[in-house]
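Written below as structure tokens is the structure these notes are about.
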Amino acid sequence: MIFNMEFKSNFAKMISWAIVLIILLGLMLAFYPFLAESQMNSLFNSVLEGFNEPARNILGLYDGIDIVNIGDYIALVYHYLAVLIFIFAMQLGANSLSKEQSSGNIEYIYSNPISKSEIVTGKIAANLLIYILFLIIMALATVGLVLGISSIGIGGSESAQITSFEIFEAVIKVFIGLLGSGLVFMSIGFFFSAMSKSSLHQDAIAALFVFLIVLLTIVGKVIGDIFGMIISYFPNEAFRPYSFVSADLNIIGLIANAIIFVLMIILTYSIYSNKELKY
């Protein structure tokens with residue numbers, strides 16, 4: 001019952017987010033043919049040389065990245081789109097447990113023989129499935145758009161050399177990272193939702209939290225030193241798309257985020273199980 005209710009309530013939201021992000025994805029991928037041309041690529045690289053390393057890292061243009069390489073370019077595109085994906089993932093979690101009290105559905109739920117832990121489990125499972133479906137839709141859209149670019153032969157000889165294997169490999173690597181980082185943000189959202197009595201401002205709180213993480217990441221890259229090391233453990237940095245494409249993984253950061261995910265889920269169960277629900 002809980003699983004079905006949660007899935008149905010978020011399915012339309014997931015489709016809306018997917019449509020918006022696919023439009024943005026298409027616009028960003030449309031620049032690839034122009035950047036793949038040798039003259040434009042040389043111009044881009046010469047402009048890039050004028051930026052210092054922190055600025056390049058903030059822009060997602062890490063050392064070794066080659067925007068002519070389709071895998072690297074997809075990673076660059078999702079360096080920016082990931083912010084919106086994180087907001088979506090965290091909003092799923094942040095609204096999950098508190099919205100039933102706001103809507104008054106909690107009375108109906110408790111009229112059935114169901115425990116609080118079963119409510120949490122049902123909502124986590126439903127939102128996890130929603131997020132995975134969302135990523136599958138985005139991955140298929142990415143593959144389709146890139147194949148479309150390569151099939152019509154725009155971008156010169158460089159674009160013609162793109163193989164289906166390269167596209168699928170890059171997309172799988174990028175979306176494994178997005179799955180991991182999104183689950184961490186979603187678990188934090190569940191934690192916030194377990195503590196909240198209302199879902200009224202949860203979407204805004206989730207968006208502000210993600211923007212705060214992004215802002216701290218930018219500041220950390222500029223300052224460097226210890227602060228720079230700390231932000232490397234943030235989920236958006238530990239799971240950054242280019243790290244997966246280039247196989248340069250921050251293993252300690254991945255383990256730290258796995259611990260955060262487990263801790264947030266445990267706290268969610270604990271807090272919600274001891275929460276007095278008013279209805």
**Request:** With everything on Cα atoms, drop me the angle between helix 164-195 and the longest principal axis of the chain, reported from 0 to 90° to the nearest 10.
**Result:** 30
**Item:** Cα Rg, Dmax (largest Cα-Cα span) when computed across segment 1-83, Å
**Value:** 17.7, 59
**Prompt:** Just the accessible area per residue of segment 193-238, please: how many Å² with a 1.4 Å probe?
**Reply:** 54
**Prompt:** Over the chain, what percent of the accessible surface lies on carbon and sulfur atoms, probe 1.4 Å?
**Reply:** 70
**Complete:** To the nearest 10 degrees, the tilt of helix 116-151 (Cα long axis) against the first principal axis of the alpha carbons of the chain is 20
**Request:** Could you work out how far helix 2-29 tilts from the main Cα principal axis of the chain, as a 0 to 90 degree angle to the nearest 10?
**Result:** 20
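The values are calculated or read from the model by the stated rules, or taken from the named source; none is laboratory data. Quick caveat, the model's predicted, so the values are computed rather than measured. All accessible areas refer to the heavy atoms of the entire protein, side chains included, with ligands and DNA or RNA removed. Shrake-Rupley method; radii C 1.70, N 1.55, O 1.52, S 1.80 Å.
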